[in-house]
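Here's the structure, in structure tokens; my notes come after.
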Amino acid sequence: MSEWKAKRFWKQASATQADGGWQVLLDGRPVRTPAKAALLLPTQALAEAVAAEWGAQEERIDPRAMPATRTANSAIDKLALQREEVAEMLASYGGSDMLCYRAETPAELAARQAAEWDPLLDWAETAYGARLRPTAGIMPVTQDAAALERLAAPVREMEPFALAAFHDLVALSGSLVLALAVVADRLDPEEAWRLSRIDEEWQIEQWGEDEEAEAMAQVKRAAFLDAARFWKLLH
């Protein structure tokens, strides 16, 4: 049985200013979230991007082709209700940041990780006064509590829309520092994704590509880039 999809019922999607922000109209009627809340967006750029997604739908609505809409819905229906909890969860990634966990062997992989990741740890120290210590192997390393607090501070200040995008940048990469580097324009999103995949790319070089794993990686890459794009639309 084919998956059911709602049919397109509107002719024109547009973005317009509203009290407190921007909204998207379908034939003059405001779009609402799945929880029936008003889809009130903080910037004109984001509203126009969401309107473009609705306008691009054909006979059947495909939510997979509407990443900005999905993230905006999540910000309103979920993040607005649990902002503090999500912020703390994301901040906690600093204690086990992917950039700090290096291979013991082979030496070539360890050297590649150091060459690519150490500059980001240096940047975090310069930008936030937060020095994280790398370690070899899988045993956890205890990070300086003050450094973790400094990295957590900008996350705790994020409003729901920003936090919704930041969530995907952190969760998909496994790195709080890398996500902070993206939103601070220290890293291009494509470069950030590449840096998050050093271990996987090493394995591919040694053993060849797995088609199923590569397909999943491409899905995650697209979601990561969509999150970075959503962040840009807010600023």
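The values are calculated or read from the model by the stated rules, or taken from the named source; none is laboratory data. None of the values given here were measured: they were computed from a predicted structure. Ideal geometry is used to build each Cβ from the backbone, glycine not excepted, and the neighbour counts take in all protein chains shown. Calculation scope for accessible area: heavy atoms of the full protein, side chains included, ligands and nucleic acids excluded. Shrake-Rupley method; radii C 1.70, N 1.55, O 1.52, S 1.80 Å.
Tabulated data for the structure shown
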item: Degrees between helix 211-234 axis and first principal axis of the chain (Cα, 0 to 90, nearest 10); result: 70 degrees
item: Global geometry of the stretch 97-235, whether rounded, prolate or oblate, following the gyration tensor of its Cα atoms and the 1.5 cut on a/c; result: oblate
item: Accessible area (Å², per residue) of the stretch 79-235, counting only protein heavy atoms and a probe of 1.4 Å; result: 51 Å²
item: Most mobile listed residue (A165, A87, A65) in the chain, GNM with C-alpha springs under 10 Å; result: A65
item: Choice from A75, A162, A56 with maximal GNM fluctuation in the chain (Cα, 10 Å cutoff); result: A56
item: GNM result for the chain, Cα springs below 10 Å: residue of V177, V219, V50 fluctuating most strongly; result: V219
item: Sequence-separation-based contact order of the chain, relative, with Cα cut under 8 Å and 6+ spacing, percent; result: 19 percent
item: Candidates per chymotrypsin sites (Phe, Trp or Tyr not before Pro) in the stretch 6-108, loop by DSSP, up to 12 other Cβ within 10 Å; result: F9
item: Over the chain: helical MRE at 222 nm, DSSP H runs n ≥ 4 each giving -39500 (n - 2.57), nearest 500; result: -17000 deg cm²/dmol
item: The chain - percent of accessible surface contributed by carbon and sulfur, probe 1.4 Å; result: 52 percent
item: Qualifying GluC sites (Glu not before Pro) in the stretch 1-107, DSSP loop, other Cβ atoms within 10 Å at most 13; result: E3, E58, E59, E104
item: Nearest-20 debye value, the stretch 90-235 charge dipole, Cβ charges on Lys, Arg, Asp, Glu; result: 600 debye
item: DSSP bridge pairs, the chain: antiparallel proportion in percent, nearest 5; result: 85 percent
item: With all protein chains modelled, accessible area of D188 [1.4 Å, Å²]; result: 90 Å²
item: Heavy atoms of M139 accessible to a 1.4 Å probe, total area in Å² rounded to 10; result: 140 Å²
item: Sequence of H167, H235 from largest to smallest accessible area, 1.4 Å probe; result: H235, H167
item: Low-density loop cleavage sites - GluC sites (Glu not before Pro) in the stretch 108-174, where at most 10 other Cβ are within 10 Å (DSSP); result: E157
item: Square roots of 5 times each gyration tensor eigenvalue, C-alpha, the stretch 1-96, largest first, Å; result: 27, 18, 11
item: Three-way shape call for the stretch 57-107 based on the alpha-carbon gyration tensor, with the a/c threshold at 1.5; result: oblate
item: Degrees separating the helix 160-173 axis from the principal Cα axis of the chain, which is the longest one; result: 40 degrees
